[in-house]
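Peer 1: After the structure tokens below, expect a handful of questions from me.
The values are calculated or read from the model by the stated rules, or taken from the named source; none is laboratory data. Predicted model only: the values in this text are computed from it and were never measured. In this analysis, Cβ positions are derived from the backbone assuming ideal geometry, glycine residues included, and neighbour counts consider all displayed protein chains. Only protein heavy atoms, including side chains, enter the accessible area calculation; ligands, DNA and RNA are left aside. Shrake-Rupley method; radii C 1.70, N 1.55, O 1.52, S 1.80 Å.
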Amino acid sequence: MGTVFLVALECCSLLGIVWTSWAVPAAGEVPEPPSGMRFIVGGVYTPLFKAEGVEQATTVAPFYLDIYPVTNAQYMAFVQANLRWRRSQVSPLLADAAYLYHWQADSPLPEVDAAIAQRPVTYVSWFAARAYCRWQQKRLPSSAEWELVALASETAPDGRMDPGYQARLLEWYTLPDPAVPPLIGSGQKNYWGIYDLHGSIWEWVADFQAAFVTGAARGDKEAEGDRFCGFGAFAVSEQERVNYPAFMRYAYRSSLRGTYTLHNLGFRCAKDLP
Amino acid sequence: MQKRALAWDSRGVGSVLRLGLILLVGLVIGEASTRAQSTKPGGAPAAPAEVTGQETAVMTDAPLVPPPIKRDHPTKVIVNLEVREVVQRLADGVDYVFWTFGGRVPGKFIRVKQGDVVEFHLNNHPSSKMPHNIDLHAVTGPGGGATSTFTAPGHSSQFSFTALNPGLYVYHCATAPVGMHVANGMYGLILVEPREGFPPVDREYYIMQSEFYTRGRHGAEGLQPFDMEKAIEERPTYVVFNGAVNALVGDNALKANVGETVRLFVGNGGPNLVSSFHVIGEIFDKVYAEGGTAVRQENVQTTLVPAGGAAIVEFKLEVPGTYVLVDHSIFRAFNKGALAMLKVDGPDDKRVYSGREVDETYLGEQAPEGYAAAQRIAALGKKVEETIKQTPAIATMTKEIQVEKGKLMFMQTCAVCHQTNGQGLPQVFPPLAGSDFLMADKARSIRIVLRGTSGPISVNGTTYDSVMPPVVQLTDEQVANVLTYVRNSWGNTGEAVSADEVRLERENHN
């Protein structure tokens with residue numbers, strides 16, 4: 001089954017999250033990460049707003065995360081080994097018509113290849129991203145895992161209370177995208193040694209729509225009431241004022257379907273500890 | 001896993017989930033329920049007439065309005081609206097990333113008729129960074145369309161609605177954070193004509209007020225990012241009509257002729273401020289308050305336009321001149337940009353208005369001169385860069401550049417009272433041209449700009465007793481430039497004023 005829909009959050013919870021603690025491994029216990037990945041200690045994931053009867057906190061277990069987003073060159077290797085993921089062969093059930101649009105062909109044309117090899121692959125669907133990670137014996141990170149790592153600034157595991165840092169992050173969301181994504185590694189290196197989480201591309205997560213799953217029937221009045229209360233709390237919370245970037249990521253993810261491929265949407269992989 | 005996920009989508013649950021944060025935001029819910037209760041007298045349809053035929057909506061960029069609808073029956077109207085995120089001018093030297101409905105701010109004007117069935121297509125351009133949606137206040141139904149149009153970049157959504165209630169309605173993006181999407185320019189107007197139409201007029205125009213919140217202060221040059229803190233605290237850097245400072249002045253001013261009746265469709269995108277909409281020198285003969293279909297008041301000086309609301313005003317033009325449209329919360333007009341112009345040509349009527357014409361008060365030449373000055377500044381700037389390259393000793397701005405920069409600032413800030421030619425207005429605003437008072441004391445002139453002045457002063461032998469407010473929004477450098485311009489124009493000759501001198505005066509008296 002993999003890890004899809006691993007984390008089903010109550011709807012109000014997506015308005016913000018508070019990371020109250022990190023698991024601190026004892027000295028000498030930090031496992032050596034696989035090549036190209038970093039070890040991320042776990043944490044406790046606590047939504048700011050919860051409906052009654054919902055678990056208050058979710059524990060995120062320690063895991064590994066790719067240092068960089070997956071590049072076009074890496075994805076090309078995947079396609080060559082898995083021909084059903086070629087641009088011309090992919091099933092419309094698994095990726096929409098713009099899949100690998102920027103390659104212009106099944107293999108990127110030489111001049112295209114030179115320009116994009118070391119840039120994050122985009123125009124890939126959630127299904128494609130998931131298949132790539134499986135091929136690597138990895139998986140997509142959950143939104144909880146992704147957001148945990150993305151809280152970090154360059155110097156601290158939780159950069160939210162640094163208004164200057166948050167303002168810089170928010171700025172990216174207001175600027176038009178460049179014609180091609182920046183080279184991998186050209187963005188921020190954060191506290192965990194992970195690059196480009198901010199200021200480069202959007203990234204798929206395993207449960208990209210889990211934020212809206214209540215697990216039962218939808219569209220009833222009670223559910224709307226919950227959303228309403230969430231907004232009120234959102235508007236007045238000082239905590240949330242500095243967490244707008246996370247808020248916008250949730251909004252973005254919720255506009256997606258698994259088959260969508262977009263010019264600014266790529267991914268990186270995660271892996272469980274052995 | 002794939003099977004499960006696909007089945008999950010095909011049951012339609014996926015689309016429900018995509019209602020997304022928007023619904024969370026409650027605002028939408030509040031609006032929808034308000035609309036549901038608003039069956040107003042004469043507004044709610046009886047038995048709908050039969051919908052026949054189909055057409056594609058003609059949509060226009062502000063300040064233009066699509067022509068009145070001639071047909072006498074409802075039809076199916078197809079609306080194609082494209083969302084684009086674009087860099088455009090917010091003020092001279094200031095760029096901003098606008099999120100737009102149709103490529104401009106405000107968004108396209110949509111005109112339909114009561115009873116029409118509108119098939120609405122929202123297309124989010126592939127280059128967009130953000131998902132967007134649309135809440136049309138003309139829609140009766142949850143979210144005003146927002147729940148059906150949440151659209152990722154490079155995708156399209158479609159929904160249909162029947163235009164049950166006539167009136168002038170705002171539409172806006174309702175994607176979280178709603179305030180940010182609105183603050184970046186995502187609003188426009190949709191007019192639902194009543195079955196009987198509006199009475200014919202000679203001209204119709206589309207004007208929409210809104211605020212912008214930028215990281216830098218008013219006038220700070222370059223690409224300015226959105227400032228969430230200022231937006232939350234409701235401290236706008238700019239308040240403008242039609243998406244930019246001076247969007248409707250100079251050559252771009254609205255135009256009409258004496259004897260004509262003008263109808264303005266006025267919207268307010270907000271996101272925060274309520275507008276006190278006023279036309280200097282005109283009285284609204286009729287006001288369809290809040291964008292409703294009944295003339296609620298006649299002979300109105302200033303009408304309120306709520307954020308997320310609209311008004312329709314009509315007035316007949318009796319005498320020629322330049323009429324200035326403002327938000328009469330007046331610092332917004334003269335210090336933040338909420339100022340537009342209507343130029344009226346035709347014969348004088350001395351019975352209606354005699355005496356000295358105030359035509360020149362409103363700066364017909366302001367914009368062209370401003371642009372020309374900006375161009376010369378750029379050219380001179382290049383020249384200076386070249387010179388500095390060759391002669392590193394030259395590090396300060398030349399007086400010539402100061403004069404040009406000062407001129408630009410003068411036209412935006414000072415000319416409203418002192419006039420573009422520095423002549424002032426008799427008995428009210430003293431002249432700067434050839435002014436003995438101005439040239440006698442440089443430090444005093446700096447203080448007056450910084451702190452204003454009131455009470456009688458003598459200029460060239462004439463006593464003026466009025467008030468000049470402090471010009472608080474200018475930087476030291478901008479004050480220095482504007483004074484250098486004033487002291488070296490219209491026959492005045494004097495030495496340049498430096499930013500250091502301004503800073504000293506500011507500090508000495510604080």
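Peer 1: Taking amide H positions as placed 1.01 Å from N in the peptide plane, with prolines and chain starts having none, which residues 5 or more places from A:A206, or on another chain, fall under 5 Å of its amide H?
Peer 2: Close amide H contacts, sequence-distant or interchain: A:S142, A:S143.
Peer 1: Using each residue's phi in region B:417-426, evaluate 6.51 cos²θ - 1.76 cosθ + 1.60 at θ = phi - 60° and report the 3J(HN,Hα) Karplus result to the nearest Hz, with x for Gly and Pro.
Peer 2: 9, 7, 6, 5, 9, x, 7, x, 10, x
Peer 1: May I pose another question? If amide hydrogens are placed 1.01 Å from N in the peptide plane, which non-local residues have theirs closer than 5 Å to the one on B:Y171?
Peer 2: It is B:H137, B:G188, B:L189, B:I190, by chain and number.
Peer 1: Using modelled amide H (1.01 Å from N, peptide plane; none on Pro or chain starts), what sits under 5 Å from the amide H of B:D116, excluding residues fewer than 5 places away?
Peer 2: Distant-sequence amide H within range of B:D116: B:T75, B:A163.
Peer 1: While we're here: Distance cut-off 23 Å, Cα to Cα: go down the list B:K350/B:K407; B:K382/B:K407; B:K76/B:K255; B:K316/B:K350; B:K129/B:K382; B:K113/B:K255 and report the pairs above it.
Peer 2: B:K350/B:K407; B:K76/B:K255; B:K129/B:K382; B:K113/B:K255
Peer 1: Right, something else. For B:I330, what accessible area in Å² do you get when you roll a 1.4 Å probe over the heavy atoms of the protein chains, rounding to the nearest 10?
Peer 2: The value for B:I330 is about 60 Å².
Peer 1: Work out from phi, with θ = phi - 60° and the Karplus expression 6.51 cos²θ - 1.76 cosθ + 1.60, the ³J(HN,Hα) of each residue of region B:178-184, listed in order in whole Hz, and give x for Gly and Pro.
Peer 2: Karplus values, whole Hz, x for Gly and Pro: 4, x, 5, 5, 5, 4, 8.
Peer 1: Considering only protein heavy atoms, what is the solvent-accessible area of B:E196 at a probe of 1.4 Å, reported in Å² to the nearest 10?
Peer 2: Counting only protein heavy atoms, B:E196 exposes about 150 Å² to solvent.
Peer 1: Quick one: net charge around A:L169, please, counting Lys, Arg +1 and Asp, Glu -1 for every other residue with C-beta under 12 Å from its C-beta.
Peer 2: Local charge sum for A:L169: 0.
Peer 1: Provide the net charge surrounding B:E55, with neighbours chosen by a C-beta distance below 13 Å and charges set as Lys +1, Arg +1, Asp -1, Glu -1.
Peer 2: Residues close to B:E55 contribute a combined charge of +3.
Peer 1: How many percent of DSSP beta bridges within region B:87-218 run antiparallel, rounded to 5?
Peer 2: Looking only at bridges with both residues in region B:87-218, the antiparallel portion is about 85 percent.
Peer 1: While we're looking at this one, here's another question. What does the buried accessible surface come to for B and A, summed over both chains, with the probe at 1.4 Å? Round to 100 Å².
Peer 2: For chain B against chain A, roughly 4200 Å² becomes buried.
Peer 1: How do A:H102, B:H73 rank by accessible surface area computed with a 1.4 Å probe, from largest to smallest?
Peer 2: B:H73, A:H102
Peer 1: Provide a whole-number value for the mean count of partner chain Cβ atoms within 10 Å of the Cβ atoms in peptide A:92-105.
Peer 2: 1
Peer 1: Restricting to DSSP loop positions (anything but H, G, I, E, B) with no more than 10 other Cβ atoms inside 10 Å of their own Cβ, which trypsin sites (Lys or Arg not before Pro) remain in region B:406-505?
Peer 2: none
Peer 1: For region A:91-219, what is the per residue volume of the convex hull drawn over the alpha-carbon atoms, in cubic angstrom?
Peer 2: 172 Å³
Peer 1: In sequence order, what are the phi-derived ³J(HN,Hα) couplings for region B:125-140 according to the Karplus relation 6.51 cos²θ - 1.76 cosθ + 1.60 with θ = phi - 60°, rounded to whole Hz, with x for glycine and proline?
Peer 2: Per-residue couplings from phi come out as 4, x, 7, 5, 8, 10, x, 9, 8, 9, 10, 9, 5, 7, 8, 9 Hz.
Peer 1: How many Cβ atoms of partner chains, on average, are near each residue of B:154-162 if near means within 10 Å of its Cβ?
Peer 2: 2
Peer 1: At 1.4 Å probe size, with no ligands or nucleic acids counted, give the accessible surface of A:E171 in Å², nearest ten.
Peer 2: Roll a 1.4 Å probe over it and A:E171 shows about 60 Å².
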